[in-house]
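Read the structure below first, then the notes.
The values are calculated or read from the model by the stated rules, or taken from the named source; none is laboratory data. None of the values given here were measured: they were computed from a predicted structure. Ideal geometry is used to build each Cβ from the backbone, glycine not excepted, and the neighbour counts take in all protein chains shown. Please note that ligands, DNA and RNA were not included when accessible areas were found on the heavy atoms of the full protein model with its side chains. Shrake-Rupley method; radii C 1.70, N 1.55, O 1.52, S 1.80 Å.
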Amino acid sequence: MMPNKKSILLFVMLLSSIVSLAQTGTIRGEVTNAISNEAIPFANVVVQSTGAGVSTDLDGKYEITDLAPGVYNLIVTSVGFQRKTVFEIEVTISRVAFVPIKLEEVTVEIEAAEVVAEQFSNREEAPVSVRTIGVNEVKRNPGGNRDISRALRSLPGVASTPSFRNDIIIRGGSPNENRFYIDGIEIPNINHFATQGASGGPVGLINVDFIDNVEFYSGAFPANRGNALSSVLEFGFKEGRKDEYSLNAVVGSSDVGLTFEGPTGENSSIIMSARRSYLQFLFQALRLPFLPTYNDFQFKWKTKLNDRNQLTVLGLGAIDQFALNTSLADDPEADDFLENTFLLDALLVNTQWNYTNGVRLDHFGEKGLWTFVASRNMLNNRAFKHEDNNEELPLTFDYVSQEIENKFRAEHKLYLDKGWKVNYGVAYEYAKYNNSSEFKQYSFEADTLVDINFSSALDLHKYGAFGQVSKTMLDRRLVLSLGLRMDGNEFSEDMINPLDQLSPRFSASYFITSNLSANFNTGIYYQLPAYTVLGYVENGQLVNKRNNVKYIRNKQVVAGLRYDFDQRNTVVSVEGFFKDYDNYPFSVDRQISIANLGADFGVIGNEAVESIGEGRAYGLEFLLQQKLFKGFYGILAYTYVRSEFQDANGKYIPSAWDSRNLVSFTGGKKLKKNWEVGGRFSFAGGLPYTPYDVDASVFIPNWEATSTGLFDFSALNSLRLGSYTQLDIRVDKKWFFEKWSLNLFLDIQNALASEAPQTPRLDVVRDQMGNPIENTERPGFYSPNLLNQSSGNVLPSIGIILEL
């Protein structure tokens, strides 16, 4: 919603005049052993920079009282355990902040345990390319709209497209190379209106009020996480409150939502939410040709069965509807009539729904943890178009597809003496894919229109095993980790033997000083092509099975240095990376690697391919990050990245993700009286794009069938957009009352009205009623009309968060 400055000022003054400043809040929780789940008595829990703190009781419980409302960091230490800092705990008057904390054991002498644990905090399996993101970093991210995909853009190695989509582009890789987990349960996508065969979409699916923390791997993937080439995101959902019921209501810039949490028994709790967008009303008011509506629902229920066993059940679902604003075609006098007519001719109607349900059982032992995970996820994707957008006329495009996955994973983590750590397990998956397609499509190979009309049904059994061993030595100055994974499936003879997809990985970390470490990782990773590739049918046959499609293979090397300023919550790191791709699906018709696709709506991979594509990505990353310390926080990131894939002639050319230079600075300050200001400045080099084959596009039969331009793939990515910058600003003000609290925020995206260049669109010359005009000098052809696009609007919005 658009803010009214006068009304906001009056509202702020009124609230400020009635808030009582004398009341205080409380942090309460329990400290437990991450391995055995046993309580840790006498652990020290200290509020950073205040001197306030307590020790846990015999049951591992603690309570810190008399804290002024605000945000605090907790430092937790105990002899024999790694030191842990919990960042940005929000304390209010109306509710106790409940913070459960798990500590990991260290296998060192007792008198040195606390010191060593504080100094050596790198992960054994992934000492490089891992970042942890807190929930408040997502919530307050300027221009981020409380969306995790947008918050990731502040990190090194992460690029984005200059549009309103949430495509996650990591280290020059395609958006379909990312994998996502919630509490160890895999989910196929984290965006509404997902691009099938990729991972992007315009709006995030996960409610940030559910998130406890996020671990983001841009490399050095642990062996228990397969099928990823560019990134793995591990979301930790928070537990519902066990002490009281609470309600959170949010009115954001694009949706409204409710979140409820509370106890369901003595040892169990639930958290659940529902959201619905109001974008369709805003887009209609702005005279946009498409009207999206999204809904999502999520829950997490957790119970402690006994001291050794706990059960987690979670669910996540979405219903997405995309309608055309056909009323815009009824006003030929409007300035935007011709542009909207073109878009209405080109856009498909799209409806989607999806869900993921999962169950996780954790069994704690003396020296390890067994985890069993079972889950089911499903995507239903429909895209269609009627002639002249009239539902009473025949369909000119009809696509219906379903993806269903049933998964099981069992793994065992062992923490042994003398610094040994072992993790091993097995995985099984039964998948079903259905596709019904009927439309006309231009064939670049035949240079003519062809009819696409097929139905397919694919059943697939997938299986895998993994193991990883880590060892600390030299008084914990050296950490080594070796992992191995293998995956297979029954799709074809080229994939059935898991030894053909043997995936080794090795990491090493050496502490030159107590704060400076040199880190290294190398590995070979495999990813199964999308179901749209596997299930594509020609002449009644799975054509890509006949083409011997294989797992995509990626060899990676990452090395870097890291320096930790422990007392200031600050880290500086520099990393170099190299990624070498082969077996990438290569389009038979377009003669390009489909690694160049995925940053648009629609479906990726629904075509004949061969596993002959090769590519590479390499670059350098720099990070300077300060977590919240004395009211300040910030991230400065720079990335130089090159991404190249071979064309039909075997020549390396820039891929669609070759942005080269990326700069991002995000920072802010918490002020007195619960004000907070933040900003984000970003710079991105221009992305390559492919020109249109104008003659083929404006040939009347082709245009009537596709209503859009056809690319000249012989000149793949030969043009490049200009670079772009953007400044986003956010201001928050919070009020804390005895029974409730309120957060009012103003967010301004693109405050400097910078224009972000976008790929031009090819239209044809039209008459005043929007009908294409035949070229009198070239009968059988329309006349081309190239529409240069740029997005440079300032987007202010206000949001309200109410906690009861």
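Quick check for me: using +1 on Lys/Arg Cβ and -1 on Asp/Glu Cβ, what's the dipole size of region 532-596 about its Cα centre, in debye to the nearest 20?
200
Place a label point 7 angstrom from the Cα of Tyr563 along the Cα-to-Cβ direction, then list the residues of region 625-665 whose backbone nitrogen is under 14 Å away.
Once the point is set 7 Å along Cα→Cβ of Tyr563, 625 turn out to lie under 14 Å by backbone N, inside region 625-665.
Can you give me the C-alpha center-to-center distance between region 73-99 and region 732-804, rounded to a whole angstrom?
41
Rounded to the nearest 500 deg cm²/dmol, what is the calculated helix-only ellipticity per residue at 222 nm for the chain, with -39500 (n - 2.57) per DSSP H run of length n ≥ 4?
Theoretical 222 nm ellipticity from helices: -2000 deg cm²/dmol.
Per-residue accessible area for Ser754 at 1.4 Å probe radius, Å² rounded to 10?
We get 20 Å² for Ser754.
Where a Cα-Cα gap under 14 Å defines reach, which aspartates and glutamates qualify for Lys545, not counting those fewer than 8 residues away within the same chain?
Asp459, Glu490, Glu493, Asp494, Glu607, Glu610
How big is the charge dipole of region 188-319 about its Cα centre, in debye rounded to the nearest 20, if each Lys and Arg gets +1 on its Cβ and each Asp and Glu gets -1 on its Cβ?
280
In the chain, carbon and sulfur make up what percent of the accessible area (probe 1.4 Å)? Walk me through the numbers before you get to the answer.
Details: 18510 of 33000 Å².
Here it works out to 56 percent.
Between Gln284 and Asp695, what FRET efficiency comes out of the Förster formula 1/(1 + (r/R0)^6) with R0 = 30 Å and r the beta carbon distance, rounded to 0.05?
0.20
If ligands, DNA and RNA are left out, what is the accessible area of Glu38 with a 1.4 Å probe, given in Å² to the nearest 10?
Glu38 has an accessible surface of roughly 80 Å² with all protein chains in place.
Please report the relative contact order for the chain, taking Cα pairs under 8 Å with a sequence separation of at least 6, and give it as a percent rounded to a whole number. Please report the intermediate quantities before stating the final value.
Details: 2255 pairs, mean separation 89.5, N = 804.
After rounding, I find 11 percent.
Given the whole protein assembly as supplied and a 1.4 Å probe, what does the accessible area of Met486 come to in Å², nearest 10?
Near enough 50 Å² of accessible area.
Mind putting a number on the dipole of the chain about its Cα centre? Charges go on the C-beta only, +1 for Lys and Arg and -1 for Asp and Glu, and I need it in Debye to the nearest 20.
Numbers: 75 positive and 95 negative charges, 590 e Å.
Computed charge dipole of the chain: roughly 2840 debye.
Pulled fully out, how much extra length does the chain show between Leu258 and Leu502, if you take 0.36 nm times their separation in residues and subtract their Cα-Cα distance? All intermediate terms of the calculation are to be shown ahead of the outcome.
Numbers: separation 244, 0.36 × 244 = 87.84 nm, distance 4.55 nm.
Full-extension gain reported as 83.3 nm.
Within region 452-554, which GluC sites (Glu not before Pro) sit in a loop by DSSP and count at most 14 neighbouring Cβ atoms inside 10 Å? Before the final figure, lay out the partial values.
Details: sites: Glu490, Glu493, Glu538; in loops: Glu490, Glu493.
Listed in order of number, the matching sites are Glu490, Glu493.
Any of Lys102/Lys304; Lys61/Lys242; Lys300/Lys627; Lys242/Lys304; Lys630/Lys670 with alpha carbons more than 19 Å apart? Name them for me. Write out the running numbers ahead of the final one.
Numbers: Lys102/Lys304 15 Å; Lys61/Lys242 14 Å; Lys300/Lys627 28 Å; Lys242/Lys304 11 Å; Lys630/Lys670 9 Å.
Violating the 19 Å Cα-Cα cut-off are Lys300/Lys627.
Out of Ile452, Gly419, Asn434, whose Cα points farthest toward the positive end of the dipole of region 415-486 (charges: +1 Lys, Arg; -1 Asp, Glu; placed on Cβ)?
Gly419
On full extension of the chain, what length is gained from Phe683 through Asn406, given 0.36 nm per residue of separation minus the C-alpha to C-alpha distance?
95.6 nm
Could you give the length gained by full extension between Asp417 and Glu438, i.e. 0.36 nm per residue of separation minus their alpha carbon distance, to one decimal place? Each step should come with its number before you reach the end.
Working: separation 21, 0.36 × 21 = 7.56 nm, distance 6.16 nm.
Separation in residues times 0.36 nm, less the Cα-Cα distance, equals 1.4 nm.
Lys and Arg at +1, Asp and Glu at -1: add these up for the other residues within a Cβ distance under 11 Å of Pro772 and post the number.
Numbers: positive: Arg766; negative: Asp345, Glu704, Asp763, Asp767, Glu774.
Local net charge: -4.
Between Asn515 and Asp475, what FRET efficiency follows from the Cβ-Cβ distance if R0 is 22 Å, with the result rounded to 0.05?
Once rounded, the FRET efficiency stands at 0.90.
Within region 257-292, whose backbone N sits under 18 Å from a point 7 Å along Cα→Cβ of Leu802?
Flagged as within label range: 257-261, 273-278.
Hey, if you put +1 on the Cβ of every Lys and Arg and -1 on every Asp and Glu Cβ in the chain, which of Ala228, Leu482, Pro394 ends up farthest toward the positive end of that dipole?
Leu482
Within the set of other residues whose C-beta is less than 12 Å from the C-beta of Asp658, count the net charge using Lys and Arg as +1 and Asp and Glu as -1.
Neighbourhood net charge equals +4.
Between Phe506, Ser783, Ala97, whose Cα lies farthest towards the positive end of the dipole of the chain when Lys and Arg beta carbons carry +1 and Asp and Glu beta carbons carry -1, centred on the Cα centre?
Working it through, the farthest residue towards the positive pole turns out to be Ala97.
If I model a spin label at Leu671 and Trp353 as a point 7 Å from the Cα along the Cα→Cβ vector, what separation in nanometres do I get?
4.7
What does the charge count around Asn702 come to, taking other residues whose C-beta lies under 13 Å from its C-beta (Lys +1, Arg +1, Asp -1, Glu -1)? Before the final figure, lay out the partial values.
Details: positive: Lys440; negative: Asp447, Asp693, Asp695, Glu704.
Net charge in that neighbourhood comes out at -3.
So if I take the centroid of the Cα atoms in region 317-334 and the same for region 121-156, what is the distance between those two points in Å?
35
If one puts a single equal scatterer on every Cα of region 685-752 and applies the Debye formula without solvent, what log₁₀ I(q)/I(0) results at q = 0.23 Å⁻¹?
Here the Debye-derived log intensity ratios amount to -0.95.
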